[in-house]
Each structure stands twice: as C-alpha cells, then as structure tokens.
Amino acid sequence: MTIPITAEDDTVQELTVEELRAKYGSGMTIESEENMLLSMGPQHPSTHGVLRLLVELDGETVVNLANDIGFLHTGVEKNMEAKTYTKALVMTDRLDYLAPMSNNMGYVLAVEKLLGVEAPPRAQVIRIILLEMARIGSHLVWLGTHALDLAAMSVFLYCFREREYILDVFEMVAGQRMMVSYFRPGGLWRDVPEDFVPAIRQFLDFFPAKIADYEALLKNNPIWLQRTKDIGAISGEDAISWGLTGASLRGSGVDWDIRKSHPYMGYETYDFEVPLETDGDVYARYHCRMREMWQSLRIIEQALARLKPGPINIDDRKIVPPPRAELGRSMEAVIHHFKLWTEGFSAPTGYVYQSIESPRGEFGCYLRGNGTPKPARVHFRTPSYVNLASLPVLAKGTFIADLVAIIGSIDIVLGEIDR
Amino acid sequence: MNDAVAKKLQAAFPEAIAEVIDFRGERTFVIDAGNLLPICQFLRDDPELRYNFVSDICADDMLPAYPRFALNYHLRSIPHNHVIRLRVPVADPEQGPPTLASLWPVATWLEMEVWDLMGIRFAGNNSLRRLFLPGDWVGHPLRKDYPLGYEEVQFSFNWEAIDARKPYAKD
C-alpha cells in the first residue's frame, strides 16, 4: 500500500494565512482584505472541548467561519471492527462522554436488531430510567457550561452538584461513574442493587425544586434574555435541510423526537410531551432543553411504577452468559461461558441502522454483520457532528461574543464529533 | 409505507432499482450512482413521500467483493415518519456518485467524513479535505486493507524511512 506524497501535502504545517484561507476554501472565501482571520481554539474554554474555528471577522462581526475538527480522533469505528460485539461496547462510552448510557443504548439496540432479539421487560424499564437520568445529567452539563460561557457562573456550580448525584447512581448500578457499559446485548450487565429504587425516588423528590432554581436564575434574567433572544436563529425548514436534530431542531418548531416517531424500549407506552419552541434562536433551544428535563422526570416516575421483579437478560445462552451460580452445576453452562468470553456470539450477515434520541439528537448506529463474532462495519451518526455543520449558517452576521452562545446552544461534545 | 414508496419508485424509475432488500424490517433500495440524484430529488419532493431529511451517509468496504464499496444513504421522511436506505455500489472510489449538496446542504459535511475515512470521492463536492486526520495523512483508515495496528505510523517526514524497511513487495 504505497501512496505517494505530493509536494502540496507536505507543507501543511507552514501554510500562510492566504493559503489557509484557500485550504478552507469552500467554507472560507475571504470577503474583503480588511477583514481579520482569527483562529479560535482548539484550547478554548467556550468551544466545549478541542474544537477549532477559523473565524473571519469584520470588526466584531462574524463574516464567515470554518470548523476544524479531528483533534480527538481515536479511530473508534476502525477499532470496533477488531473486537467482538461485546468487547466493542466499551468504545461507545467514549463517544459522547456526557451521556454514555445513550451511546450504549444505540449500539446495543443495533446489535439486538441484527440478532433479532429483544430485552425482557424489567431490563427495558431499567434502561428507560437510566436513559432519562443520563439525559438529565447531560442537560445539566450543557446548562452549566452554556451559562458559564455567558458569564452566569453560579448556575454551573449548582448544575454540577446535582449531576454528581446522577453519577453516584450510575456508579451504584454499573460500578463506574462515566464509562458505564451497563447495557449489554440481550439485557443488562447485572440487576440493579436494592438501594437503586430509593435513590431514584429521592432524586424525584428533590430535583424538581432544583430545576425551578435554575429557571429562577435564568428564565427572566434580563442579561440572559439579551444574550440569547434572537441570536443564531434558524427556521424549521433550514434546520431540516441542515440535518439538525434534538432540541436544536425542536427549538425551530419541528415536532420530531425519535422516542415518539420510532419508539424503542417501549417509549410509546409512556405518557410524555415533546417540548416545542418556534423562535429557533438560542433562547428557544435553551427553553426546549429545560422543559425536556421535566418530561424526563415524568418518564422516570412512570417507569419506576412499572419496575417489577423478573429476569434482566434474555434466556438465550448463545448470546448472554449463564449466571455465575450455574457454572458449578452445569457442564453446558461452563461451555457457554467459555465460548462467550473467548469467541463471543456471531451475528448474521446483513446490515441494520438503529437510531435513538440521545440528549443531543439523533444518535444512529449502522452495523453490518458478516456471520463472524466481530462486526464488519460500525458507523455512528452522531448528533454533535451533524449539528456542527450548521454552525457557519447560525453564526454568520452575529458578534463574536454571540458565537460563544451559539456553540453552547447546539450542545456539542467533541468526543462524538471526532470519534 | 414500505410498499407505497417501492411502488412509487418503480413507477417513476422502472429501470433504476437493481434490487429491493428487506432485512429486520428495514427496506433497502439498491440503485446505481447515475440515478442517485434524480431519485433523491423525487423522494424529497413527491408530496406523498417527502423524504426531506438525510440522516446519514455511510460508506462500507465490502472487500473482496466487487463492486468493492457501497454507500448507504439513510433518508427520513419527517411528515410521514418513515426511513429508507438507498444503497449505491461504488466500484471505483475516485469516480463516486454525485454530491447531494444541491438537495441538502448538510450532505457536503457528511460526504467529507466519508472521503476522509473511506476515500470515496463525490463528484461536485469541492470541500473534500482531511477532516479527522492530520492534513498530511496518507491513506483512508476505514478501508479493509488498511492495517489497524502493529505497524509504524507514517508521517510525511518519516514516510520514506519507514517505507524502505517495510516488508511488502515494492514496484
């Protein structure tokens, strides 16, 4: 595999500003020689990670903008092709590190679809509770950092205090605060401990007052309103053609939530609303996410009422390893255990695409099996990556200070952008 | 909806659909690259279909099969709440299908990812550049003949030195 290097390829590090402009050509044609080209990031607190933006400025107004990503690229998709279906699961935690439960869910659902199995009811209910906890936890980080970018420091401290409680719940069930890998193809890693239900109940008791606190700090705050109203507006039609999903799409008045339209894990049996806003600006996206937290609480409350004892894994020894207790008594269990942890289970030939509503939007997983225990191709449609595409459109003509507000409002996580 | 879209597509493009695949409740239409643009335009604008949202463009390397590559376009109809997949076989990655940027502006961005990691060129997309990988990177890592590891990483400054001691047949 020899691929010759051309002379142009070699000079990337020494590009002049003009060449840089030419390189980012399509998105980055300089409008006037008077304008200034500013490199923002990758180490910049308000780019929420290692995002680099090339911004063309006329005074303080953004004339043009190009995204430069890839600083966190770790080849997740390639790596997963070399691991068994179960072992590849741990890579998905590292995509969107603020909502690892959602990533696990997207991947596990795709594997289950490929295998043609469905998790038992108890596992589904536990998954729903944890998915909605993850949504709240992710929105808390979004709210805290978004407010911090716009100089409301105290919100950040409150949000992280409550998020700590959610991470403690994750640690209780999965043994890990962030890289949980708790959902497995066919069910869960293990059942939830006894303290789980009281802990969730306690959360449901104290958290509504906390959301009310955040809203009291921001909702009618004149500084907040001035920094977010009419900033970075996009119409519903444009949002669709730019592929926006999640609260960024619903903020523009498009009623689209995968939990409603293509329900998974029995979301269709829960009673909840999809918050909609019509303005499409930073404030609309903020308000959508705040209202989503209330709806998540409603879902958790209903799910808790449905949590009945029962199996948490499917009864298929070719996919789910046997319980520990059986290993001492049954030779077959030992064989299954050995086969699953050395070779893994095989998925049929074919490809599936499964999408879920992650806190940031549509998280899709394309999975191709070829009859072996390792996936032939895994691809993630990550909401942050696609949402970032519209940033130049949203930011054009705004002040550079507002650019920070817009980045915060589309809620990106660089881990899942760069993969 | 699966059958409605199949019937409509068959009526509008009788020659274009090479194969219809159903797997796990998902419908795939295999079409060739030349028909991609008119089919997408039709799917987007027909009032009974309205596939107005491109969810994902994803490339697949089917080595050793021929044609080697395949592109999956996951199109979503928000008004009618349905997803279909268009699968376009690509034999020569340098002669890929036309870009969908004229229908959905986000397609440029999705195609950039495909080019960077799988090396399929889209006709008419002038923004194809290194996105995830460094600007001087050579090769496309998601291809099946690209090694995963156990191999020295070649950068531009040490490409030749590593190439000289690599054990494969040289021309």
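The values are calculated or read from the model by the stated rules, or taken from the named source; none is laboratory data. Here the structure is a predicted model, which means the values were calculated and not measured. All Cβ positions, even for glycine, are placed from backbone atoms using ideal geometry, and neighbour counts span all protein chains on display. For the accessible areas, the whole protein counts, side chains as well, though only heavy atoms, and no ligand, DNA or RNA atoms are used. Shrake-Rupley method; radii C 1.70, N 1.55, O 1.52, S 1.80 Å.
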Values of log10 I(q)/I(0), in the order q = 0.10, 0.11, 0.16 Å⁻¹, for the range A:76-390 under a Debye, Cα-only, solvent-free model: -0.58, -0.70, -1.37
Candidates A:Asp281, A:Asp271, A:Asp191: whichever shows maximal mean-square fluctuation once chain A is modelled as a Gaussian network with Cα springs under 10 Å: A:Asp271
Cα-projected label distance for B:Leu133 with B:Ala65, points at 7 Å along beta-carbon direction, nm: 2.4 nm
Mean Cα-pair separation over length for the range A:76-390, i.e. relative contact order, pairs under 8 Å, 6 or more apart, %: 26 percent
Extreme residue, positive dipole direction of the protein assembly as shown, given options B:Ala107, A:Met40, A:Leu157 (C-beta unit charges): A:Leu157
Within a Gaussian network of chain A (alpha carbon springs, distance under 10 Å), most fluctuating of A:Arg324, A:Arg122, A:Arg227: A:Arg324
R0 of 51 Å, Cβ-Cβ distance A:Ser154-B:Tyr146: FRET efficiency to nearest 0.05: 0.55
Phi-based couplings in Hz for the range B:127-142 (Karplus 6.51, -1.76, 1.60; Gly and Pro marked x): 9, 5, 8, 5, 10, 8, 8, x, x, 9, 5, 10, x, 10, x, 7
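Counting only C-alpha contacts under 8 Å and six or more residues apart, can you give the relative contact order of chain B as a whole percent? Present the calculation step by step, with values, prior to reporting the outcome.
Values: 269 pairs, mean separation 25.5, N = 171.
Contact order relative to length: 15 percent.
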Sequence-distant residues sharing a close amide H with B:Ala59 (under 5 Å, placed H): B:Asn72
On Cα atoms only, tilt of B:36-45 relative to the major axis of chain B in degrees: 40 degrees
Computed label-point distance, nm, for sites A:Val274 and A:Phe399 using a 7 Å Cα→Cβ extension: 3.5 nm
Estimated [θ] at 222 nm from DSSP helical runs (n ≥ 4, -39500 (n - 2.57)) normalised by residues in chain A, nearest 500: -14500 deg cm²/dmol
Efficiency of FRET between B:Gln10 and B:Ala91 - r from beta-carbon atoms, R0 22 angstrom, step 0.05: 0.35
Most fluctuating residue given options A:Leu148, A:Leu157, A:Leu140, as computed from a GNM of chain A linking Cα atoms under 10 Å: A:Leu157
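I'd like the FRET efficiency for A:His44 and B:Asp45, computed as 1/(1 + (r/R0)^6) with the beta carbon distance as r and R0 of 41 Å, rounded to 0.05.
Numbers: r = 42 Å, r/R0 = 1.01.
Approximately 0.50, to the nearest 0.05.
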Alpha-carbon gyration tensor eigenvalues x 5, square-rooted, for the range B:32-118, Å: 23, 13, 12
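Just how large is the dipole of the protein assembly as shown about the Cα centre, in debye to the nearest 20, putting +1 at every Lys and Arg Cβ and -1 at every Asp and Glu Cβ? Don't skip to the answer; put the middle values down first.
Values: 60 positive and 79 negative charges, 422 e Å.
About 2020 debye.
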Length-normalised contact order of the range B:1-94 in % [C-alpha pairs under 8 Å, at least 6 apart]: 25 percent
Diffusion constant of the protein assembly as shown at 25 °C, which comes from Stokes-Einstein with the Kirkwood Cα-pair radius and 0.890 mPa s, µm²/s: 97 µm²/s
Amide H contacts of A:Arg377 (H built 1.01 Å from N, under 5 Å, at least 5 apart or other chain): A:Arg368
In the range B:1-51, the trypsin sites (Lys or Arg not before Pro) that fall in loop regions by DSSP, at most 16 other Cβ within 10 Å: B:Arg24, B:Arg50
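Per-residue ellipticity at 222 nm for chain B, helices alone: DSSP H runs ≥ 4 residues times -39500 (n - 2.57), over residue total, nearest 500 deg cm²/dmol? Show your work: numbers first, answer last.
Values: 4 runs with 40 residues, N = 171.
Computed mean residue ellipticity for chain B: -7000 deg cm²/dmol.
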For A:Thr245, distant residues with modelled amide H under 5 Å away: A:Glu362
Derived scalar couplings ³J(HN,Hα) [the range A:44-53; Karplus, 6.51 cos²θ - 1.76 cosθ + 1.60; whole Hz; x for Gly, Pro]: 9, x, 8, 8, 6, x, 9, 8, 10, 10
A:Val352, B:Val83, ranked by accessible area, largest first (probe 1.4 Å): B:Val83, A:Val352
Whole-Hz couplings from phi, Karplus 6.51/-1.76/1.60, listed for the range B:15-23; x for Gly and Pro: 8, 7, 8, 7, 7, 10, 10, 10, 8
Positive dipole terminus of the protein assembly as shown, leading residue within A:Leu394, B:Asn125, B:Leu37 (C-beta point charges): B:Leu37
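Given chain B, what whole percent of its Cα pairs are spread farther than 23 Å?
Values: 6733 of 14535 pairs.
Roughly 46 percent, once rounded to a whole number.
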Projected label distance in nm at A:Ala82 and B:Ala164, using a 7 Å step from Cα toward the beta-carbon: 2.7 nm
